[in-house]
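Novice: I am attaching a structure below and will ask some questions about it afterwards.
The values are calculated or read from the model by the stated rules, or taken from the named source; none is laboratory data. Computed from a prediction, not measured in an experiment: that's the story for all the values here. Note: ideal-geometry Cβ built from the backbone for every residue, glycine included; neighbour counts use all protein chains shown.
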Amino acid sequence: MLKAIIVDDEAKSRENLKILIEDFCTNVKILGLAGSVQEGIDLIAQTDPDLVFLDIQMHKETGFDLLNKIKEISFEVIFTTAHSEYAITAIKFSAVDYLLKPIDINDLKSAIDRVEKKRYHDNLFGKFNTLIENMKANNYDDYKLAIPTLEGLSFVKCADIIYCEASGNYTTFYLRHDKKHVVSKTLKEYENLLANHQFFRIHHSYLVNLKEIVKYTRGEGGFVTLSTGINLDVSKRKKESFLIKIGHY
């Protein structure tokens, strides 16, 4: 049984979420409700929850302010927000769950299931520190990506990722200084997360950091040379969109 609290400045939102959880999520027990950042901090101290449903925008404060004020984070967080664009990128990169209001029952169940599966393995302190760093980042290069490992999570700067390679349902991250991580997630998941920034999928097997490309050699599809000296094929199907992306079409 997960012990949980709800922190939201709108009384109706708090009560609606409480009812949804009590009616459809029998593995969660709501210990209390809070209407502000300070009330949330006090309630966390009183109840020691496993899980906090945390509103992002609360009057002049945010859920991130609450996390900043807690010295030791020993609980999982599911953010709730009515603003789909607000901080979502930072949240996704930090491997933190979120729900859009009005909250869908199936989304709620899925988020809770994910919490149950991972809460004993994640580096909670690192995850929320990374989220706060991502929120403060001045540019995309400063973002950190939470990468799941056998031990928990590793946090790497996006600028340190040279390229990612697909291998079935696994993805290998090749980083600066000859480091690499193998992750049990598909390359498609990371393409969706990274593609709107400086990464591009040049081939079924490769997602590359465009800033690491030092040369493109023409051919049927051609190939790119990265800063590490490695050559990676560009698929014929991706060639046109790739050249448009790098501005040399």
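Novice: What number of residues in the range 160-179 are loosely packed, with under 14 Cβ neighbours inside 10 Å and either touching a residue at least 60 places away in the same chain (Cβ under 8 Å) or of a type outside the set (Phe, Trp, Tyr) (or both)? Give the derivation first.
Specialist: Of the residues in the range 160-179, the ones loosely packed, with under 14 Cβ neighbours inside 10 Å are 167-170, 177-179.
Restricting the remaining residues to those that are either touching a residue at least 60 places away in the same chain (Cβ under 8 Å) or of a type outside the set (Phe, Trp, Tyr) (or both) gives 167-169, 177-179.
The qualifying residues number 6.
Novice: Looking only at the range 136-167, filter to residues that are of a type in the set (A, V, I, L, M, F, W, C) and more than 13 Å from the chain's Cα centre (by Cα); which one of those is farthest from Leu232 (Cα to Cα)?
Specialist: Ala137
Novice: Next up: Is there any pair with a first residue in the range 112-141 that is more than 21 Å from Ser184 (Cβ to Cβ) and a second that is at pLDDT 80 or above and small (Gly, Ala, Ser) whose Cβ atoms are under 8 Å apart and which are 6 or more apart or on different chains, and what are they?
Specialist: Correct list of pairs: Asp141/Ala159.
Novice: Is it the case that Phe75 is aromatic (Phe, Trp, Tyr) and farther than 24 Å from Thr130 by Cα?
Specialist: Here the answer is no, as Phe75 does not meet what is asked.
Novice: What single numbered condition from (1) within 30 Å of Thr62 (Cα to Cα); (2) modelled with pLDDT of 95 or more; (3) assigned to a strand (DSSP E or B) fails to hold for Tyr174?
Specialist: (1)
Novice: Now for a different question. Quick test for you: out of Lys92, Lys157, Lys101, pick the one residue that is in the same structural domain as Asn192 (by TED's automatic domain parsing) and either in contact (Cβ under 8 Å) with a residue 40 or more places away in the chain or under 24 Å from Leu226 (Cβ atoms) (or both).
Specialist: Matching residue, one of Lys92, Lys157, Lys101: Lys157.
Novice: Here's a follow-up. Could you say whether any residue in the range 31-39 is touching a residue at least 40 places away in the same chain (Cβ under 8 Å) and within 18 Å of Leu108 (Cα to Cα)? Show your work before the answer.
Specialist: Of the range 31-39, the ones touching a residue at least 40 places away in the same chain (Cβ under 8 Å) are none.
Checked the range 31-39: no residue is touching a residue at least 40 places away in the same chain (Cβ under 8 Å) and within 18 Å of Leu108 (Cα to Cα).
Novice: Can you pull out the residues in the range 230-249 that are part of a loop (DSSP other than H, G, I, E, B) and at pLDDT 95 or above?
Specialist: Pass one, the range 230-249, residues part of a loop (DSSP other than H, G, I, E, B): 230, 234-235, 247-249.
Those that are part of a loop (DSSP other than H, G, I, E, B) and at pLDDT 95 or above: Ile230, Val234, Ser235.
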